[in-house]
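Visitor: Sharing a structure with you now.
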Amino acid sequence: MSKKPIIVFEGVEGTGKSHHIKKVANYLKRKKIKFIQIREPGGSINSEKIRKLILNNKSTFNKETDLLLYLSARSENIEMIKKNAGKKIILIDRFSDSTIAYQHYGMGVDLKFIQNINNHLLKNIKIDFTFLNTVNQSNMKKRLSKRRKLNRYDKFDSKFYNKVQNGFLKLLKTNPRKYIKINSNLDLDVNENIILKKIKDLI
C-alpha cells in the first residue's frame, strides 16, 4: 500500500464520520503531512453546485436521476484525485461504497448499472482503506434531531437506513482487510483513538 493512501470514511447519517475525518485532517496538519480532503457529493466548485441540487429539500428526482447526479459530482473530482494520488494522502467523506449502499441497497437501482459507470469514472483509482461507521437507530435519530437543518437525505425512514447500513456491511465482507468497522454508539474518544492508531499504521 502507498504511504500516501486514499482513505474513505463511510456510513449512514449520524455516525460521526464527518467528525472523524476532521480529526484526522487536524492530525495530519499538526504533523505537516500533505493531504487533500474531499466530500461527496462536493469537494470541487462544480461538485458543490451539484451537491446543493441533490440535497435540496425541494428536489424530487427519481432514483436513476439521483444516481446520475451523484456520479456527475464524482466525475468533477476525478482529475483532482488523479493529480494527487500517490503524492498526497487523500481523505474522502463518502465515495463509491455510498453509491452502492444508498442507490442499490437502499433504492434498488441495478448494481451492474452503478458499477459500470463508476468503473468508467475511476479507471485505475483504488481505495486503500475504508472506515465504516455504524450506528443504531436510536442514536441516529437523536443526533439528527440536534442538527440545525436537515437535508433531503436526512429525512428517510428507519427501514431505508437499515437497508443502507446492511448494504455497507455486505461491502465490508467482500474485502474485510481493507475496512475497519467503527461502532459509533461508543464514546467519540474511544473511536478517535481507534481511527488515529490505524491512520498512523496506514501512513
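Throughout, read-outs are computed from the coordinates displayed, never taken from laboratory work. Everything numeric here is computed off the predicted structure, so don't read it as measured data. Positions of Cβ are generated from backbone atoms using ideal geometry, with glycine treated the same way; all protein chains shown enter the neighbour counts.
Visitor: Once label points are set 7 Å from the Cα along Cα→Cβ at both K198 and K112, what is their separation, rounded to one decimal in nm?
Guide: For the pair K198/K112, the computed spacing is 3.3 nm.
Visitor: Let me ask something else. So if I restrict to the alpha-carbon atoms in the chain, what is the Rg, and what is Dmax, the biggest pairwise distance, in Å?
Guide: 16.2, 44
Visitor: How many angstrom lie between the Cα centre of segment 1-31 and the Cα centre of segment 162-179?
Guide: 18
Visitor: List the relative contact order of segment 17-165 as a percent without decimals, with contacts defined as Cα pairs under 8 Å and 6+ residues apart.
Guide: Values: 125 pairs, mean separation 40.4, N = 149.
Computed value for segment 17-165: 27 percent relative contact order.
Visitor: In whole Hz, with x marking every Gly and Pro, tabulate ³J(HN,Hα) for segment 153-164 from phi via Karplus 6.51 cos²θ - 1.76 cosθ + 1.60, θ = phi - 60°.
Guide: For segment 153-164, the Karplus curve yields 7, 8, 10, 6, 7, 4, 4, 5, 5, 4, 4, 5 Hz.
Visitor: Right, here's the next one. For every helix of n ≥ 4 consecutive DSSP H residues, a contribution of -39,500 (n - 2.57) applies; sum these over the chain, divide by its total residues, and give [θ] at 222 nm rounded to the nearest 500 deg cm²/dmol.
Guide: Helix contribution divided over all residues of the chain: -15000 deg cm²/dmol.
Visitor: Rg/Rh for segment 16-135 to two decimals, with Rh computed the Kirkwood way over all alpha-carbon pairs.
Guide: On the way: Rg = 14.8 Å, Rh = 15.3 Å.
Rounded to two decimals, Rg over Rh is 0.97.
Visitor: I've got another one for you. Toward the positive end of the charge dipole of segment 1-131, about the Cα centre and with charges on Cβ (Lys, Arg +1; Asp, Glu -1), which of I45, Y27, F129 goes farthest?
Guide: The residue sitting most towards the positive pole is Y27.
Visitor: For K155, which aspartates and glutamates qualify as cross-link partners when the Cα separation must be under 12 Å and same-chain residues fewer than eight apart are set aside?
Guide: Partners found: E13.
Visitor: For a quick check: with amide H placed at 1.01 Å from N, whose amide H comes under 5 Å from I38's, ignoring anything fewer than 5 positions away on the same chain?
Guide: L91, I92, D93
Visitor: Nothing charged except the Cβ atoms of Lys and Arg (+1) and of Asp and Glu (-1): what's the magnitude of the dipole of the chain about its Cα centre? Round to the nearest 20 debye. Mind dumping the intermediate values first?
Guide: On the way: 44 positive and 18 negative charges, 153 e Å.
Here the chain has a charge dipole of around 740 debye.
Visitor: Turning to a different aspect of this structure: Mind checking the full-extension length gain between L144 and F160? Use 0.36 nm per residue of separation minus the Cα-Cα distance, one decimal, nm.
Guide: 4.3 nm
Visitor: Please go through segment 10-86 and write out the trypsin sites (Lys or Arg not before Pro) that DSSP classes as loop and that have at most 16 other C-beta atoms within 10 Å.
Guide: K31, K32, K34, K58
Visitor: About its Cα centre, how strong a charge dipole does segment 10-107 have in debye, to the nearest 20, once Lys and Arg get +1 and Asp and Glu get -1 at the Cβ?
Guide: Dipole of segment 10-107, to the nearest 20 debye: 820 debye.
Visitor: Could you list which residues have their amide H under 5 Å from that of Y179, counting only those 5 or more apart in sequence or on another chain, with H placed in the peptide plane?
Guide: Distant-sequence amide H within range of Y179: T130.
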